[in-house]
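Novice: I'd like to ask some things about the structure below.
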Amino acid sequence: TNQSETNHSTITANNTTRSNTTSAVGTQSSANQISNNSTAPTTSNTVETPTNVAEFSGSDVKLLKGQHTPVAISKGYKGAQPNMTFSNQKFLPIEGFTGTLHGKKFVLDFYSNQPNGIVIGVRYNNKPVYFGFGPSPMFDVLNFTGDNVVLGSPSAGAYMTMNLVTGKVDTNTSQVVSMKGYSGITPPKYVLGLSNTKYPITIPYGK
């Protein structure tokens, strides 16, 4: 009887040990699964993904810098903001785009206006159509689409479109974001919408 009781106790102990071991392994497996799930990288909001937008209506677009920047605004021209009058001393050319849009020439200039930031000048068919500030003190050139250029500071969440024919500005975020040519918050390295070019999006303000 004593030997039987001893064997029974041994079997019961072994079963208990086996059960505890299985439970521990199962718990560790679940923990690993949860850990793996929680540390899985999420990149959908940070990776640049091209989106479908209207092709740019213009052609023959070139980027010129410094002293070679084309002239969009004439001395004495009144800007979109109060007390903004163009002069070569206050508004120093950084860079500018030239091209043809609907058979007529356009000029898109960016000026340094210390300490206020970057100022935009647009001329179409030899007439100034816009002279004023952008979406933020400093911003990038993101995309050319339709008759527009899309400007923005992705880190600040500030965007605007500029119609290169009329000078009309749109700062409606949902509308503008749909025209920037990519999804996510990371901008492209080069300006979108211009075929066979690799122009950096960054306007070299203060350099």
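Novice: Do you know which residues across the stretch 182-207 are in contact (Cβ under 8 Å) with a residue 12 or more places away in the chain, surrounded by fewer than 16 Cβ atoms within 10 Å (Cβ to Cβ) and small (Gly, Ala, Ser)?
Specialist: Those that are in contact (Cβ under 8 Å) with a residue 12 or more places away in the chain, surrounded by fewer than 16 Cβ atoms within 10 Å (Cβ to Cβ) and small (Gly, Ala, Ser): Ser183, Gly184, Gly206.
Novice: Just wondering, is there one or more residues in the stretch 54-68 that are modelled with pLDDT under 75 and on the phi < 0 side of the Ramachandran plot? Show your work before the answer.
Specialist: We begin by selecting, within the stretch 54-68, every residue modelled with pLDDT under 75; these are none.
The answer is no; no qualifying residue exists.
Novice: Same structure, new question: Quick check on Tyr130: is it open to solvent by 40 Å² or more (accessible area, probe 1.4 Å), under 25 Å from His102 (Cα atoms) and in contact with a strand residue (DSSP E or B) (Cβ under 9 Å, 6 or more places away or on another chain)?
Specialist: Numbers: open to solvent by 40 Å² or more (accessible area, probe 1.4 Å): no; under 25 Å from His102 (Cα atoms): yes; in contact with a strand residue (DSSP E or B) (Cβ under 9 Å, 6 or more places away or on another chain): yes.
The answer is no for Tyr130.
Novice: I would also like to ask the following. Would you mind telling me which numbered condition in (1) outside any strand (DSSP E or B); (2) buried (at least 16 other Cβ atoms within 10 Å of the Cβ); (3) modelled with pLDDT of 95 or more Ile120 fails?
Specialist: Just one mismatch for Ile120, condition (1).
Novice: Another question, then. Can you report the number of residues in the stretch 150-173 which are within 10 Å of the chain's Cα centre (by Cα), of a type in the set (S, T, N, Q) and not in a loop (DSSP other than H, G, I, E, B)?
Specialist: Residues in the stretch 150-173 being within 10 Å of the chain's Cα centre (by Cα), of a type in the set (S, T, N, Q) and not in a loop (DSSP other than H, G, I, E, B): 1 in total.
Novice: Among Asp140, Asp170, which is the only one that is of a type in the set (D, E, K, R), closer than 22 Å to Lys189 by Cα and open to solvent by 20 Å² or more (accessible area, probe 1.4 Å)?
Specialist: Details: Asp170 fails: closer than 22 Å to Lys189 by Cα.
Checking each option against the conditions leaves just Asp140.
Novice: If you don't mind, there's one more thing I want to ask. Quick one: would you say Lys78 is at pLDDT below 95 and open to solvent by 70 Å² or more (accessible area, probe 1.4 Å)?
Specialist: yes
Novice: Just the residues that are surrounded by 15 or more Cβ atoms within 10 Å (Cβ to Cβ) and on the phi > 0 side of the Ramachandran plot, please, taken from the stretch 100-117.
Specialist: Gly117 - this is the single residue of the stretch 100-117 that is surrounded by 15 or more Cβ atoms within 10 Å (Cβ to Cβ) and on the phi > 0 side of the Ramachandran plot.
Novice: Something else now. Anything in the stretch 135-149 that is touching a residue at least 24 places away in the same chain (Cβ under 8 Å), assigned to a loop (DSSP other than H, G, I, E, B) and over 15 Å from the mean Cα position of the chain (by Cα)? List them, or say none.
Specialist: The answer is Asp147, and nothing else.
The values are calculated or read from the model by the stated rules, or taken from the named source; none is laboratory data. This one's a predicted model, so the numbers in the text were calculated from it and none came from an experiment. Cβ coordinates were reconstructed from backbone atoms using ideal geometry, including for glycine residues, and neighbour counts include every protein chain displayed. SASA here: full protein model, heavy atoms, side chains in, ligands and nucleic acids out. Shrake-Rupley method; radii C 1.70, N 1.55, O 1.52, S 1.80 Å.
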